[in-house]
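Read through the structure below, which is laid out as structure tokens, and then see the notes.
The values are calculated or read from the model by the stated rules, or taken from the named source; none is laboratory data. Model, not experiment: these values are computed from the prediction. Virtual Cβ from ideal backbone geometry, glycine too; neighbours counted across all protein chains shown.
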Amino acid sequence: MSRKPLLPVTALCLLVLPLTACGGSSAADEKVVTVYSADGLKGENGDGWYDRIFKDFEKATGIKVKYVEGGSGEMVQRAVREKSNPQADVLVTLPPFIQQADTKGLLEKYAPKGADQVSGADKAENGTWTAVVNNYFGFIHHTGELKQPPTTWADLLDRKYENKLQYSTPGVAGDGTAVLIKAMHDFGGERPAMEYLKKLQANNVGPAASTGKLAPKVDKGELLVANGDVQMNHSQSKSMPNLGIWFPAPEGGRPTTFALPYAAGLVSKAPHTENGQKLLDYMLGQRAQRQASEIGGGFAARQDIKATDANAVELTTLMDGVEIFEPDWADIEKNLTAYVDAWKSATGS
């Protein structure tokens, strides 16, 4: 999902360094595991789910985590370019990009410990990936600037949102791609969805490769509305008090959303396969899964984890009354390029 530009950082010292400068090359260091991931699980101030579990994982195993962050599509594209000489051990993206990675032969079968507790809808039938943190697509609005917050897609066509609305780029950003998926569902097909998005373009600021960068703009009032996802925006709201999460409703209908989990897989022919397996096992461990809501502001991927922390209670309340649909991910993965092309044609992007 690109929500941020490609940013290699070490998970622990958080120094912005070239990947090969972080303690030598991956191939030369056996006590290392490299993660390519969509953004959202790493905190802005070192207080995110990744920050905690990477630190605990290194302490428990002595294996250092090297972290490379970008959009879901961006991470898959990078892994494709490196397919003949893989640099990553673990790939974490949002749908439909995790399915795309599987189709392109980037993942190998591995069932992490605890994967049997993950719902069948949240893992690959062939065993190449599994959700590690569950999540849902959503939008955000500025709670102070809007006396009457939007509730429907039609509300966003109001002129008061001109140059005050922005969503991340479909095909590059996972959350941007999710805009297409939800619009096609809510409007009843590709054509009416594209007709609507063409109209919405009059208010849209323009392309955005990073969904994560939209939230600060909304918090400051530079934007009134942007897209995002529940986990990321709920986490950001702790330091950005003007963010309100909402789910656009079709005219006359209930607000809708769909699951958009962070899904992880072991990279095929990874330089450190065993270390990648250990990290996946750790991600799905009970301790890390309980921290998915407590620290990450998301939802545990394991069904046997019943979170009761304050974040979990807030998230349950937030989702109350929202209709959750299940996209046809096989169709979306197969036709993603065509859908993105249709969006480009409709919006002139």
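Please state which one of 65, 92 is over 19 Å from residue 175 (Cα atoms) and at pLDDT 95 or above. Give the steps one after another, and end with the answer.
On the way: 92 fails: over 19 Å from residue 175 (Cα atoms).
Result: 65 is the single residue among 65, 92 that is over 19 Å from residue 175 (Cα atoms) and at pLDDT 95 or above.
Residues of the stretch 78-110 being under 25 Å from residue 326 (Cα atoms), in a helix (DSSP H, G or I) and of a type outside the set (Phe, Trp, Tyr), which ones?
98, 99, 100, 101, 102, 103
With the requirement that a residue be out of contact with any helix residue (DSSP H, G or I) (no Cβ under 7 Å at 6 or more places or on another chain) and either closer than 30 Å to residue 315 by Cα or of a type in the set (A, V, I, L, M) (or both), what does the stretch 260-275 give you?
Once the filter is applied, which keeps residues that are out of contact with any helix residue (DSSP H, G or I) (no Cβ under 7 Å at 6 or more places or on another chain) and either closer than 30 Å to residue 315 by Cα or of a type in the set (A, V, I, L, M) (or both), the stretch 260-275 yields only 262.
Among the residues of the stretch 274-296 satisfying the criterion of being touching an Asp or Glu at 6+ places or on another chain (Cβ under 7 Å) and modelled with pLDDT of 95 or more, which is nearest to residue 179 (Cα to Cα)? So that I can check it myself, show each step before the final result.
Within the stretch 274-296, the subset touching an Asp or Glu at 6+ places or on another chain (Cβ under 7 Å) is 275-276, 293-294.
Next, only the ones that are modelled with pLDDT of 95 or more stay: 275-276.
Values: 275: 35, 276: 32 Å.
Looking at the filtered set, the residue picked out is 276.
Count, please, the residues in the stretch 285-340 that happen to be in a helix (DSSP H, G or I), farther than 28 Å from residue 102 by Cα and β-branched (Val, Ile, Thr).
Going through the stretch 285-340 one residue at a time, the tally reaches 3.
Starting from the stretch 104-124, keep only residues that are assigned by TED's automatic domain parsing to the domain that holds residue 81, then list their pairs with residues that are in a helix (DSSP H, G or I) and surrounded by fewer than 16 Cβ atoms within 10 Å (Cβ to Cβ) whose Cβ atoms are within a distance under 7 Å, requiring at least 6 positions of separation or different chains.
Going by the 7 Å Cβ cut-off, the qualifying pairs are 104/80; 106/80.
Within the group 270, 264, which residue is closer than 30 Å to residue 105 by Cβ, small (Gly, Ala, Ser) and either touching a strand residue (DSSP E or B) at 6+ places or on another chain (Cβ under 6 Å) or modelled with pLDDT under 95 (or both)? Walk me through it before giving the result.
Values: 270 fails: either touching a strand residue (DSSP E or B) at 6+ places or on another chain (Cβ under 6 Å) or modelled with pLDDT under 95 (or both).
None of the other options fit; the residue is 264.
Here's a check for you: in the stretch 111-160, which residue that is β-branched (Val, Ile, Thr) and part of a strand (DSSP E or B) is nearest to the chain's Cα centre (by Cα)?
Ranking the candidates gives 133 first.
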